[in-house]
Amino acid sequence: MTTTDVINPSTGAVFTTVPSLDLAATDAAIDRAHKAFPAWRAIAPGDRARLLRRFAAVVDQHLDELAELEVRNAGHTIGNARWEAGNVRDVLDYYAGAPERLSGRQIPVPGGLDVTFHEPLGVVGIIVPWNFPMPIAGWGFAPALAAGNTVVLKPAELTPLTAIRLGELALEAGLPEDVFQIVPGKGSVVGQRFVTHPAVRKICFTGSTEVGKSIMAGAADQVKRVTLELGGKSANIVFADADLEKAAASAPSSVFDNAGQDCCARSRLLVQESVYDKFLSLLEPAVKAFRVEEPSNATAEMGPLISAGHREAVTAYVEGSDVAFAGQAPSGDGWWFPPTVLLAHSAEDRHWREEVFGPVLSVLPFKDEADALRLANDTEYGLSGSLWTRDLGRALRVSRAVETGALSVNSHSSVRYWTPFGGMKQSGLGRELGPDALLSFTDVKNVFLAMGE
C-alpha cells in the first residue's frame with residue numbers, strides 16, 4: 001500500500017505517514033458501508049441518539065489530543081484547534097437530538113390518510129478540505145449518521161490525522177463497524193470513486209469552486225445528490241456612521257484568522273470614502289499588532305500557511321500590488337506569511353476579484369449605499385460577509401440586498417451549528433448545519449392509506 005507524508009507546516013518537516021488507499025480499497029470500504037446500512041437505519045431512533053451522545057462524550061475526553069494533532073498537522077493555533085475539537089463534540093451532541101425528531105407530516109386529503117416519511121439515502125461520501133479538517137467533517141457526518149445513513153469520509157491529503165482519529169473514537173464509542181469509515185487517499189482516486197460508485201447516494205464536498213463543479217457534473221450521471229460549500233470572496237462593508245474603532249479592531253481577525261485560509265474570510269474591505277483615511281489609520285496598528293507565532297503558543301493569533309506551494313501562490317498576489325502596510329511573521333523554516341493589506345485601485349484588480357486564500361486584505365472605498373451594494377455583489381461568489389452601521393434601517397436593507405448566504409451586522413460571525421450555513425451563486429449549493437440539516441440526507445416518501453368503506 002502506498003503512503004502519504006504528513007508535514008508540519010510550522011517547520012516544513014515530515015513527522016508521520018498515513019496510508020493512501022487505491023481504487024480496490026476504496027471500493028471495499030464503500031461496499032462495507034453499503035452492507036452496514038440496513039442494520040444502521042433499523043436501529044431505533046433513541047438508540048441511535050444514545051450512540052451519537054456517547055461519540056460526543058468520547059470526543060470530549062480527547063479534546064486536547066485532537067487539538068494538538070491539528071496544531072502539528074494543519075498549523076492551526078492551539079486556541080483555534082481547541083475550539084474546532086469542541087465544535088465536533090457540540091455538533092454531535094446537537095444532532096444526537098435529531099433522530100427522535102425526524103418527523104414527517106400528515107397531509108389532509110380526501111378518501112384516506114396521507115403521511116410522509118424521511119427515509120435515509122444510504123451511503124454518504126464526505127470530502128473534507130485541509131483548512132478546517134475537524135469541524136467541516138463533523139458538519140457532514142453528524143447529521144448524516146443521525147438520519148440513518150452510513151458514511152465514508154475522505155480527509156484532505158495534507159491534513160488526514162484528526163479525521164483518522166475521529167474514526168477510531170467512533171468505534172471506541174460503540175458505533176457499529178463500517179458505519180463510519182475514514183478513507184484517506186488522493187482526490188483523483190478516492191474522491192472520484194465517491195462520484196462514480198453507484199452505492200454512494202450523496203456527496204458532501206467542501207473545497208474549490210472548480211473541483212465542486214467537476215463533482216456536480218460527475219454526480220449528474222447517477223442523479224446523485226450533492227451539497228457543495230465552495231469558494232468565497234466575502235465583503236466587509238464599513239459605513240461612515242459605524243463604530244469605526246470597533247470595526248477596525250475586529251477586521252484583522254475576520255480575514256487573517258487561520259492565515260486567511262477560510263472561505264468565509266472577509267478579504268474585500270469596503271470603506272465609505274468620507275472615513276476611508278481615518279479607518280486605514282485605525283486599521284494599521286491592529287494589523288501590525290496581529291500575533292503570528294508558533295501555533296502551539298497560547299498567545300498566537302495566526303500560524304503558517306499549509307504548504308510551500310500555497311505560500312508561493314499567495315505571494316504571487318502580493319508581488320507588484322500596492323501594499324498599504326503589513327504585519328510581521330517568523331522567518332526561517334515553515335510556511336510563514338505576514339498579514340498584508342493591499343490597496344485596490346479598481347474592482348478589476350486581481351487581488352480584489354480572486355480568492356487569495358491567504359492573509360491578504362484588499363481595500364477599496366465606496367461612495368454611498370448603492371455603490372457599496374454594487375461593489376459587494378460584483379463577484380461570482382456569495383458565501384459570507386459583514387456590514388458595520390448604527391442605522392437599523394440600513395442594516396436591514398443592505399442585509400437583504402447583499403447576495404450572500406450568511407451575513408453578520410456589526411460582527412464577523414459566519415457559522416453557528418444551530419443555524420444554516422451555505423453559499424449563493426458559485427459559492428455552493430445546499431445548506432449545512434441548523435435544525436433542518438438532516439433533511440438533505442433523506443428522501444421524502446409519501447404514503448396514502450385508503451380508508452375503504
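The values are calculated or read from the model by the stated rules, or taken from the named source; none is laboratory data. Bear in mind the structure is a predicted one, so any value in this text is a computation, not a measurement. Every residue, glycine among them, receives a Cβ derived from its backbone with ideal geometry; neighbour counts consider all protein chains shown. Just the protein is used for accessible areas: all its heavy atoms, side chains included, with ligands, DNA and RNA removed. Shrake-Rupley method; radii C 1.70, N 1.55, O 1.52, S 1.80 Å.
One table, with the values for the structure above:
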item	result
Wholly enclosed helices (runs of 4 or more DSSP H) of segment 291-406 bearing at least 3 residues of a type in the set (A, V, I, L, M), out of contact with any Phe, Trp or Tyr (no Cβ under 7 Å at 6 or more places or on another chain) and more than 27 Å from PRO133 (Cα to Cα)	369-377, 392-401
Number of the exception - SER411 against (1) buried (at least 16 other Cβ atoms within 10 Å of the Cβ); (2) in contact (Cβ under 8 Å) with a residue 24 or more places away in the chain	(1)
Residue selected from segment 414-427 under the condition over 21 Å from ASP90 (Cβ atoms) and surrounded by 19 or more Cβ atoms within 10 Å (Cβ to Cβ), by the criterion farthest from the chain's Cα centre (by Cα)	GLN426
Residues that are more than 19 Å from HIS351 (Cα to Cα) and among the basic types (Lys, Arg), drawn from segment 369-393	ARG390
Search result, residues across segment 2-12 that are part of a strand (DSSP E or B), touching a Gly at 6+ places or on another chain (Cβ under 9 Å) and not hydroxyl-bearing (Ser, Thr, Tyr)	ASN8
Selected residue (criterion: surrounded by the fewest Cβ atoms within 10 Å (Cβ to Cβ)) from residues of segment 428-449 that are among the hydrophobic types (A, V, I, L, M, F, W, C) and closer than 18 Å to PHE205 by Cβ	LEU429
Only one of SER254, SER296 that is touching a Ser or Thr at 6+ places or on another chain (Cβ under 9 Å) and under 24 Å from SER427 (Cα atoms)	SER254
Scan of segment 7-38 for residues that are open to solvent by 60 Å² or more (accessible area, probe 1.4 Å), aliphatic (A, V, I, L, M) and more than 25 Å from the chain's Cα centre (by Cα), ordered by number	VAL14, LEU23, ALA24
Qualifying residue in segment 118-128 (condition: open to solvent by 50 Å² or more (accessible area, probe 1.4 Å) and either in contact with a helix residue (DSSP H, G or I) (Cβ under 8 Å, 6 or more places away or on another chain) or at pLDDT 95 or above (or both))	no
Subset tally (residues that are part of a helix (DSSP H, G or I), under 23 Å from the mean Cα position of the chain (by Cα) and under 29 Å from ARG101 (Cα atoms)) for segment 59-84	5
ALA265 being hydrophobic (A, V, I, L, M, F, W, C), part of a loop (DSSP other than H, G, I, E, B), open to solvent by 60 Å² or more (accessible area, probe 1.4 Å) and touching a residue at least 24 places away in the same chain (Cβ under 8 Å)	no
Selection count where residues are touching a Ser or Thr at 6+ places or on another chain (Cβ under 7 Å) and β-branched (Val, Ile, Thr), scope segment 172-211	4
Which listed residue is aromatic (Phe, Trp, Tyr), open to solvent by less than 30 Å² (accessible area, probe 1.4 Å) and within 25 Å of GLU70 (Cβ to Cβ), from PHE337, PHE279	PHE337
Subset tally (residues that are in a strand (DSSP E or B), aliphatic (A, V, I, L, M) and within 22 Å of the chain's Cα centre (by Cα)) for segment 85-125	2
